Amino acid sequence: MNRAILIALSLSSACFAADLALTPPMGWNSWNKFAEKVDDQAVRGMADAIVSSGMKDAGYIYVNIDDTWEGQRDAQGNIQSNSKFPDMKALADYVHGKGLKIGIYSSPGPKTCAGYEGSYQHEEQDAKTWAAWGIDYLKYDWCSADKVYKPSDMQAVYKKMGDALKATVRPIVYSLCQYGLQKVWEWGASVGGNLWRTTGDIEDKWDSMAKIGFDKQTGHDSYAGPGHWNDPDMLEIGNGGMNPAEYRTHMSLWAMLAAPLLAGNDLHDMSAETREILMNKEVIAIDQDTLGQQGTRVSKEGAAEVWSKQLANGDLALGLFNRSEGMTEVRAQWEIVGLKGKHKVRDLWHHTDLGSVRDYYSAEVPAHGVILVRIAR
């Protein structure tokens, strides 16, 4: 390949990289449902299901393989996939053929969380391998890195892989998974990160989701925006540990947070309710709003919380949340969100225009539930 072509490819890659994750990434991740049982057939099946279910049309485009795909390294140190994934390039081609993108997982340590081969001392080599396979997304999980690095090394360690990804000619979304340690939101973008985990792992339980979504995201909003996002972890919607009202709260809160929307359920057997929650295009539009502003809590009275998010066209999204065990009235006063007078209100879960409302909007919100509305300026 001559020098002119190499320069053109490098410039093209830089342009693509600058345009990565301008809205929070949307897709599917294998871990929550399949864990170590994920294999080539399962990933192909999920790619098929994303298309056939309508999720692709709703914006879910990444098909991300989590831990346990890794095999051994060859004599030259190149990472190989294991017997569950006989041909990663062919799998990537299959996913791309569906109009989707494919993601992979590794660790900066010697081993991944599940004890498979990590990228320690093979960062550039692994990045080149993934690029050659056609990988579009990397989740990079700290795990065993604490056995070879000090906490103060974390920023440099993540930058090493960020630089390695940039050095390839392929745009790869870079997801930092280190549980919010070392105040990652303050430096994640500077090491090439497009998103970074802000907490430990989510569980398919109300208490876990609520603690992460409501209590652990405040104060980070100024670090979120096009190309770089705070990540409160994957969606648990459809996995059975919460009821429909709680899953609507989960989806609404992640949308208000401008969080990545990575489904973690089996897409083959979704109930009608799960489909409706994951593919509510009006709620997704709040998450994917091009302004890229992360919503914030503007009032809290007991278990009643109001969250506000500015949208690109001047509208506001308001989430009226009830964290209690019983029905509760939640009120959003216009003055606390910078509004005056009358404004049109639309309910995004019921897809209903509620007319013009003066001075405040209030609603009876069910236990662990939400009313999510869009307010026209």
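Data overview
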{"quantity": "Anchor LYS147: lysines whose Cα lies under 23 Å away (excluding residues fewer than 8 positions away in-chain)", "calculated": "LYS111, LYS139, LYS159, LYS160, LYS183"}
{"quantity": "Alpha-carbon centroids, the stretch 20-52 and the stretch 302-364: separation in whole Å", "calculated": "33 Å"}
{"quantity": "Pairwise centroid distance, computed over Cα atoms, of the stretch 214-287 with the stretch 121-172, Å", "calculated": "26 Å"}
{"quantity": "The chain: most fluctuating residue of PRO24, PRO260, PRO151 per GNM, C-alpha cutoff 10 Å", "calculated": "PRO151"}
{"quantity": "Residues VAL148, VAL63, VAL337, sorted so that the one with the fewest Cβ neighbours within 10 Å comes first", "calculated": "VAL148, VAL337, VAL63"}
{"quantity": "Selection of GluC sites (Glu not before Pro), the stretch 248-350, meeting DSSP coil and at most 13 other Cβ within 10 Å", "calculated": "GLU325"}
{"quantity": "Mean separation of Cα contacts under 8 Å, 6 or more apart, over the residue count of the stretch 219-297: relative contact order %", "calculated": "42 percent"}
{"quantity": "Whether the stretch 133-207 is rounded, prolate or oblate, judged on the alpha carbon gyration tensor where a/c under 1.5 counts as rounded", "calculated": "oblate"}
{"quantity": "Gain upon complete extension [ALA167, ASP48; 0.36 nm per residue less C-alpha separation]", "calculated": "39.7 nm"}
{"quantity": "Point-to-point label distance, LYS344-SER222, nm (Cα→Cβ direction, 7 Å offset)", "calculated": "3.5 nm"}
{"quantity": "Whether the stretch 265-377 is rounded, prolate or oblate, judged on the alpha carbon gyration tensor where a/c under 1.5 counts as rounded", "calculated": "oblate"}
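Coordinate-derived values only; no laboratory data. Remember, predicted model here, so these are calculated numbers, not experimental data. Don't worry about glycine lacking a Cβ; one is built from the backbone with ideal geometry, like all the others, and counts go over all protein chains shown.
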